[in-house]
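Have a look at the structure below before the remarks.
Laboratory data are not the source of any read-out in this text; all were calculated from the coordinates shown. Just so you know, these numbers come straight off a predicted model, no measurement behind them. For neighbour counting, all protein chains shown are included, and Cβ atoms are generated from backbone atoms with ideal geometry for every residue, glycine included.
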Amino acid sequence: MPEQPEKWPRGAPWTLTHAHDAGQVASIRCAQCNVTRYYKPLELREVIGNITIDEVRNKARCQTCGSREWVSAQLFHATGEQAHAIRFRRLVEIRWEKRVIWRDE
Ligand SMILES: [Zn+2]
């Protein structure tokens, strides 16, 4: 479950922007591969838009096994010790590839 401020109105979507502002870390885990990857919410937003962590989970696919079913995602506040230990998966580049499509008339 995302950790939201007490005063946050119930039902209002807690998006990746909010998570960033609150200093949260996003983690995406594949239970099948037993791999957890950590992301900065702002970089996830770059890639998939300003959505909630539940929507992130629905869109996420494990890069190792390709599974969607085994993937879970959450936001959390890293404790001091954790914050130093976490190795983030950083966004390097979003590459838009040019595709040429022909049609015979
Ligand atoms: Zn996997």
Net length gained if the chain between Arg99 and Ala31 were fully extended (0.36 nm per residue, minus Cα distance): 21.0 nm
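Using Cα pairs under 8 angstrom and six or more residues apart, how large is the relative contact order of the chain, in percent? Walk me through the numbers on the way to the answer.
Working: 130 pairs, mean separation 33.3, N = 105.
32 percent.
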FRET efficiency for Ala78 and Thr17, using Cβ-Cβ distance with R0 set to 25 Å, rounded to 0.05: 0.85
Which of His20, His84 has the fewest Cβ neighbours within 10 Å, and the rest in rising order: His84, His20
Check: the range 23-93 dipole with +1 on Lys, Arg Cβ and -1 on Asp, Glu Cβ, in debye: 140
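Rounded to the nearest 500 deg cm²/dmol, what is the calculated helix-only ellipticity per residue at 222 nm for the chain, with -39500 (n - 2.57) per DSSP H run of length n ≥ 4?
It comes out at -6500 deg cm²/dmol, rounded to the nearest 500.
Starting from the Cα gyration tensor of the chain, multiply each eigenvalue by 5, take the square root, and state the resulting semi-axes largest first in whole Å.
29, 18, 15
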Packing-based exposure ordering (other Cβ within 10 Å, fewest first) of Leu91, Leu75, Leu16: Leu91, Leu75, Leu16
Ranked by how many other beta carbons lie within 10 Å on average, peptides 23-31, 96-104, 48-56, 60-68 from highest: 23-31, 48-56, 60-68, 96-104
Selection from Tyr38, His77, Cys65, by position along the positive dipole direction of the chain (Cβ): Cys65
